[in-house]
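Chemist: Handing you a structure now.
Derivation of every value follows stated rules applied to the coordinates shown; laboratory data play no part. Every value quoted in this text rests on a predicted model; they were computed, and no experiment measured them. When we count neighbours, we look across all protein chains shown, and the Cβ atoms used for this are built from the backbone with ideal geometry, even at glycine.
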Amino acid sequence: MIIDKNHLAETIVKYSSVPTTLETARCLIDHYLEYGEAVYVHGELSGYLLVFNFFGQRSFHGYCFVQVPAVWKFRLIKKFIEDHDVQMITTTEDKTQVRRLGRLLGMEEKLLGGVVCLSK
């Protein structure tokens, strides 16, 4: 679970591909965060795995702060998405690694006005 919602909100503002404010990030967390998990590597916070539920659609969002092997990260995210029945990932066109991840997970990519929606 997420222990520090303020740190999560700051992380969303700092690392999100869509510019946002701290107030908006807190609102998203309070109203749409269904499940969140902090990931630790060697005892250090290394990222977050999040499921937001927007009107019945579970959407995966993740943040990674440290370099970890790509295969390890893929396996972790794949299991997380399966465990939480995530149907989609949304990102922006410039996030090629996120888009590649969605395709590897068997998701179909659609471009909706600068936002990329990957869904099962």
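Chemist: Can you work out ³J(HN,Hα) from phi for every residue in the range 32-40, in order, using Karplus 6.51 cos²θ - 1.76 cosθ + 1.60 and θ = phi - 60°, giving whole Hz and x for Gly and Pro?
Modeler: 10, 6, 8, 8, x, 9, 7, 10, 10
Chemist: Using a simple spin-label model with points 7 Å from Cα along the Cα→Cβ vector, what separation in nm is obtained for C27 and D4?
Modeler: 2.5 nm
Chemist: Rg/Rh for the range 5-119 to two decimals, with Rh computed the Kirkwood way over all alpha-carbon pairs. Intermediate values should be presented prior to the final figure.
Modeler: Numbers: Rg = 13.6 Å, Rh = 14.6 Å.
Checking Rg against Rh, the ratio lands at 0.93.
Chemist: Could you give me the ³J(HN,Hα) list for the range 19-26, computed from phi with Karplus coefficients 6.51, -1.76, 1.60 and θ = phi - 60°, whole Hz, x at Gly and Pro?
Modeler: x, 8, 10, 4, 4, 5, 4, 4
Chemist: Sticking with this one: Can you list the HN-Hα couplings for the range 41-52, worked out from phi with the Karplus curve (6.51, -1.76, 1.60; θ = phi - 60°), rounded to whole Hz and with x for Gly and Pro?
Modeler: 10, 6, x, 10, 4, 10, x, 10, 10, 10, 10, 9
Chemist: As a test of the formula, what do you get for the chain when each DSSP H run with n ≥ 4 contributes -39,500 (n - 2.57) and the sum is divided by the residue count, at 222 nm and rounded to the nearest 500 deg cm²/dmol? Before the final figure, lay out each step's value.
Modeler: Working: 4 runs with 45 residues, N = 120.
Estimated from H runs of four or more residues: -11500 deg cm²/dmol.
Chemist: Then there's this: Using the charge dipole of the range 5-119 (Lys, Arg: +1 at Cβ; Asp, Glu: -1 at Cβ; taken about the Cα centre), state which of L49, T20, L76 has its Cα farthest towards the positive end.
Modeler: Towards the positive end, the residue furthest out is L76.
Chemist: How much length is gained if the chain between K79 and S16 is pulled fully straight, taking 0.36 nm per residue apart and subtracting their Cα-Cα distance, in nm to one decimal?
Modeler: Details: separation 63, 0.36 × 63 = 22.68 nm, distance 2.25 nm.
Between K79 and S16, full extension yields 20.4 nm more.
Chemist: Let me ask something else about it. Using Cα positions and a limit of under 24 Å, work out the lysines in reach of K120, with same-chain residues fewer than 8 apart set aside.
Modeler: Result set, ordered by chain and number: K73, K78, K79, K95, K110.
Chemist: Please give the charge dipole size of the range 5-119, origin at the Cα centre, charges +1 on K and R Cβ atoms and -1 on D and E Cβ atoms. Round to the nearest 20 debye.
Modeler: 300 debye
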